[in-house]
Structures are given as structure tokens and as C-alpha cells.
Amino acid sequence: MSIVHELTRRDARRLAVRAQLLDARRPTGFLQVVRHLIALQLDPTSAIAPSAHLVLWSRLGSAYSSADLAAAFEAHTVVDLRGMLRPSEHIALFRAEMEQWPGVGDVRNYRKNQAAWVAANDNCRRDILRRLRSSGPMTSRELPDTCVKPWASSGWNNNRNVVMMLDFMTQRGEVAVAGREGRDRLWDLAERVYPDVDVVPFDEAVRTRNVHRLRSLGIARARSTETPVEPTDVGDAGEPAVIEGVAGEWRVDPEQLGLPFEGRAALLSPFDRLIHDRARMADLFEFEYALEMYKPVDKRRWGYYALPILFEDRLVGKLDATFDRKAGELRVDGVHEDVTFTKAMARAVDHEIADLAAWLAHDPLHAL
């Protein structure tokens, strides 16, 4: 029977920070970071910088060049799978799931409805494949919409038939994002984008993905609410743990237990994996945060795109800032202190802000 590790919140936080490569031992290569973090969320908002670039800068500092990630994306060393940048070799862990779409066993009704919609529009799916095979890569606007049954939604995807079909075809492993044309994704046949790798059997692939996820998070819940694209839980990976004062079943990466910890200051993207699971963030860091870009100005407490501030193993505040690209200047509108900063904290945070400003001023921030 496995030992149940007993952790304090401080222990858990340090596991999480170290696992996310946000401690004092900065990594040295961006591919090392991508492979360890396993997924970088793409988001078009660039009030400061696109999230994927911010995540890498947070780990690597101003030595990071967005051109490196852009080149890796163009060479398909890093691939976009449903809005997440992943190491291309990890596609082997998704192939079985793609082949079994919409799933096996107890498939949820919404997935059955998606499969039924694709089946009803099979000619449209085949038209897209034919066009890509002969003329790809292409943007969604260049692809034919021959759907006989429109996609019905109460949201902004209503009647966006080609966009929805491409998403489902991605989940089926038929198409993939091959590049960008401005802010538009270029689509092509998956076989031209993904590496030619053996399919890892489904159960083994799920276990391996859980192990990778736990290694990148350090500590995570064994089970949590289903989340699209990239889960927040890790199943039976690692070993069981309890956290003093926190309910629930947790799993830890045993290889990271008991390691020394030396922290630093860091400015985080709102989509950083350290804080992406807001429930875990609240449990471990007791930190209040929400992305306020969709709130009216007079309802915002911290700013349009405030960056959470990490100091050692605590989340201690938010940076409200905007990068003026024409002037090449980072405009700081406020530093919100959740705790009163000591002189050491203030110096460390000011150093990170200055490093961010210098990096933004000299890096053209290649689009992804």
C-alpha cells in the first residue's frame, strides 16, 4: 500500500512552484521548458504579450526570444493541438483518442451530438479534406462551407460551420494547424504536420499523459471537474498526499519531494499553468484573482490584464500594465499588493518589471 504523504500548504506550494520551473534555478532552453510544461495555452490577447511568450519569458527571462518558438512552430517541432502548443512527439499520446473519437464506453451526450452533426455533414468534411489535399495549407475562410445542417449554438460559434468542423476534424486527427497567416490559422492535413509516430494504446497514453502532467504540476488533484483540452487532474499518477487544512485527494510526484527550494520573484500570465486551475490556486496559495478583461472598467479591481506576482512560494499581488508597441514602452498603471511588500520583495518585483520592459522593447513578439 502506498504511503500517504502529509504536506503543509507551504510544502505543496513549493512543490508546485519548483515543478513549474519558477524557482531560482532558471532553465536555459525554451524547448526544455515546453517539453517539461507539456502545454502552453495560446491566447490572442496581447495587452502586454501573447500568453505563450509570457509563460516562456517568466521562466527564461529576457534571454528568451519569441523567434525561437516561432521557428519551432514553423518547423512543427512544436504543434498547436486545439489551442495548446505541445511538443510534436507528444502527438503519439493523442493518436488513439483521435482514432476513437468521440470516445468509447459511456460517451457523454454532447459528444454524441457533435459526432451526429459531423456525420450529417460528412460531404462537407470530405470537401475540406479534398481542398486541403490539393491546395493546403488554407485558412478557414478559404475552405468550402457545404454543410447541410448548420451548427446551432447560443454563443458566438452559431452557424460557424467550417470553424466547428475543423475543430472536430482536429479531434479526429484528420487536420492540424500548419502555421499562421496574420492572426488566422492555416490548416492542412494532419499527416503533413504531425510526426509519423506509432500510436500509443489508449489506456497507456492516458497514464503517460497523467504522469507528464503531474511532473509539470508537482501536485494535483486525483480527480476534478472535466475541463476541455487539457485536464487539471492526474488520476493515479504519482503517490497519494494530504495537505494540512485542504480537503480532497491529492497526488504528488515523489521524485520532487524533499528537494531544496530557493524562490524568486516572477510575473505570470493569467493563463500560466501555476494558476490556471483557479480552485487549486485558491487551495494552495489562498490567492484571489480573476481575469478582468471582460468586466466593465468601473468593475475592475486589478486591471484589464493584470499579471499575478509570485514571490518565492507565495502569490503576493498583481501587476496592472500595458505595453505600448508604438512607443516601445511598458506602461505600469499599478502594482496591487495583497500583502505589504518588504524592501526585498519590492526590489525583486521591480527587477522583474524592468526585465519585462527590456524584453518587450527588444523582442518583436512573433505571432503564433
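Tabulated data
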item	result
Within the chain, helix-based [θ] at 222 nm, where runs of 4 or more DSSP H residues each add -39,500 (n - 2.57), nearest 500	-10500 deg cm²/dmol
Amide proton proximity set for D43, modelled H, under 5 Å, gap of 5+	S51, A52
Charge-dipole axis of the chain as Lys and Arg at +1 and Asp and Glu at -1 on Cβ define it, positive-most pick from A92, S58, A152	A152
Kyte-Doolittle mean at least -0.5 and Cα axial length at least 27 Å: DSSP H helices in the chain	343-362
Ordering of 55-62, 177-184 by burial proxy (mean other Cβ atoms within 10 Å per residue, highest first)	55-62, 177-184
Cβ-Cβ FRET estimate between D236 and K112, R0 fixed at 25 Å, reported to 0.05	0.35
Karplus-derived HN-Hα couplings along the stretch 231-237 (A = 6.51, B = -1.76, C = 1.60, θ = phi - 60°), whole Hz, x at Gly and Pro	x, 10, 9, 9, x, 9, 5
For the chain, accessible area per residue (1.4 Å probe, heavy atoms of protein chains only), Å²	48
Prolate/oblate/rounded call for the stretch 184-297, Cα gyration tensor, a/c under 1.5 rounded	oblate
Within the accessible area of the stretch 215-368 (1.4 Å probe), percent carbon and sulfur	51
FRET efficiency, 1/(1 + (r/R0)^6) with R0 25 Å, evaluated for L259 and S46 via beta carbons	0.10
Ordering of 135-142, 77-84 by burial proxy (mean other Cβ atoms within 10 Å per residue, highest first)	77-84, 135-142
Local electrostatic count at R223 - Lys and Arg +1, Asp and Glu -1, tallied over other residues with Cβ under 11 Å	-2
Total charge dipole magnitude, the chain, about the Cα centre, Cβ charges on Lys, Arg, Asp, Glu only, Debye to nearest 20	640
Whether the stretch 295-367 is rounded, prolate or oblate, judged on the alpha carbon gyration tensor where a/c under 1.5 counts as rounded	oblate
Rounded, prolate or oblate (a/c below 1.5 giving rounded, otherwise prolate when a/b exceeds b/c) for the stretch 122-185 by Cα gyration tensor	oblate
R0 of 45 Å, Cβ-Cβ distance Q32-D122: FRET efficiency to nearest 0.05	0.60
Highest to lowest packing among 276-282, 169-175, scored as the average C-beta count within 10 Å	169-175, 276-282
Among I243, L360, A16 the positive-end extreme of the charge dipole of the chain (Cβ point charges)	L360
Length added when fully stretched, I3-S135, from 0.36 nm per residue minus Cα-Cα	41.8 nm
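The values are calculated or read from the model by the stated rules, or taken from the named source; none is laboratory data. Fair warning: this is a prediction, and the values are worked out from it, not measured in the lab. Here the Cβ is made from the backbone with ideal geometry for all residues, glycine too, and neighbour counts use every protein chain on show. We work out accessible area using only protein heavy atoms, side chains counted, and drop any ligands, DNA or RNA first. Shrake-Rupley method; radii C 1.70, N 1.55, O 1.52, S 1.80 Å.
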